[in-house]
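The structure appears below as structure tokens.
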Amino acid sequence: MTKTRRSFALAAAFVVALAVGGPAAATAAMTTGDGSAAPTAPAQAPAQAQARDGERGTPPPRIVRATREARVAPLDPPSSWGHATVLEGPALGPDGRLYFVDFTAPAGHPKILRYDPRTKQVTPLHTDATSRFSSLQFSPADGKIYVTDYDNGKIDRIDPDGGGFTTVFSGPVDGRVLVPDDIAFNKAGDMYITDYHGSLEKPDGRVVRLDARGAHPVVLQNGLSGPNGISFTPDFSALWVSEYNLGREDHFTLAPDGRSITAGGVGMSADVGGGGFDSNSVDSAGNVYQVVLGDGKILVWNPAGDLLATVVIPQRPQPEPLVSNLVIKPGSTHGYITVGGDNGGYLYTFRALAPGLSQPANHQELSGRSR
């Protein structure tokens, strides 16, 4: 399998070459689960978007400024992915601590880590010679951590204390090895994964479903251009999936059993210049938070597609535009953002527009830990 690579000019002060997929694109064909064409939505000019928002009674988008919380990872050594640190996959455990991965960590350096907001202490949990983890989530099925190994096409599992590391899925799906980018769980613990293939010329990225044991892979959606972020709506009836190369947010309605997609289309889109749509998240009001990697910001829409806010990561005194992912604390508007660049890896905090959704990771083996 050949993976295409792409470089970003991050700021005038420096240039970081970061491989994240195919060439930047404007539009590409998208299909529904049965292979038929799905509707597309052109990006709106700012004036048009504001006019539409005014007609709906939605106030103009506001700016939410993030605040640096802590430096949690050093600058990773130069590699084929550039000379930068890229953090990913923040997830809050039932113990109140934040778990994340270092995507660019080399062999022998911490790749899965834990951050304690009370003490600001970072604890390494796992390293190995070959993995490149791109996301992390807790499963409601067993309370364990699941990570996507981007380079090796695997889904791995690990205990929150760092023990019990094992692979739960590897191998081809419909004849092709996965490039697993992000992962989301339904209430039963079934896994929904973005398969980061596809470019403007060849949109063949996918959304793949595995059951809670990592078995019975099914392609739910194909024809995507660099699918990256994936999040459920609050009622778990649908998925929001971002396409990195196209700057658009797709909405896919699931069948009641979650084993197929019954409808799909483009919900939102944006002009992001040299950036791309990375990971996303959803709050309890259904608002969609879309990270723009390379632009140092997060776009926030309501479910109707109105742009409500832009979360901005300050680029002074040092540029840190590699904003990759976020998590909002359940029952609270306190959010965390993973941020990287050529200065190392950081966590930032921000105030979300609505409280976070209750996370499924409430397994008994974790729930007794202090918060």
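The values are calculated or read from the model by the stated rules, or taken from the named source; none is laboratory data. Please read all numbers here as calculations on a predicted model, not as lab measurements. Using ideal geometry, Cβ is built from the backbone for each residue, glycine included, and neighbour counts are taken over all protein chains shown. The protein model used for the area step is the full one, side chains on, heavy atoms only, and it has no ligands, DNA or RNA in it. Shrake-Rupley method; radii C 1.70, N 1.55, O 1.52, S 1.80 Å.
Ignoring ligands, DNA and RNA, what percent of the accessible area of the stretch 151-291 is carbon or sulfur (1.4 Å)? Don't jump to the answer; show the numbers that get you there.
On the way: 2090 of 4390 Å².
For the stretch 151-291, the apolar C and S fraction of the accessible surface comes to 48 percent.
Please list 174-180, 240-246, 306-312 highest first by mean number of surrounding beta-carbon atoms within 10 Å per residue.
Numbers: 174-180: 17.9, 240-246: 28.3, 306-312: 20.1.
Averaged packing, sorted descending, gives the order 240-246, 306-312, 174-180.
Accessible area, 1.4 Å probe, largest first: how do GLU69, GLU320 sort? It would help to have the intermediate numbers written out before the result.
Numbers: GLU69 40, GLU320 0 Å².
The most accessible residue leads, giving GLU69, GLU320.
Is the shape of the stretch 217-371 rounded, prolate or oblate, going by the alpha carbon gyration tensor and its root eigenvalues a ≥ b ≥ c, with a/c under 1.5 for rounded and a/b larger than b/c for prolate?
oblate
What does the charge add up to near ALA66, with Lys and Arg as +1, Asp and Glu as -1, over the other residues with Cβ less than 14 Å from its Cβ?
Details: positive: ARG62, ARG65, ARG68, LYS297, ARG316, ARG351; negative: GLU69, ASP295, GLU320.
Once positives and negatives cancel, what remains is +3.
Please arrange SER260, SER199 by accessible surface area, largest first, computed with a 1.4 Å probe and ligands excluded. Walk me through the numbers before you get to the answer.
Numbers: SER260 50, SER199 15 Å².
Ranked list, largest accessible area first: SER260, SER199.
With the cut-off at 22 Å, tell me which of the pairs LYS111/LYS144; LYS144/LYS329; LYS202/LYS297 have Cα atoms farther apart than that. List each step's numbers first, then the result.
Details: LYS111/LYS144 17 Å; LYS144/LYS329 18 Å; LYS202/LYS297 28 Å.
The answer is LYS202/LYS297.
From zero outward in steps of 10 Å, how is the percent of C-alpha pairs of the stretch 193-299 spread across the bins?
Final binned percentages: 16, 48, 30, 6.
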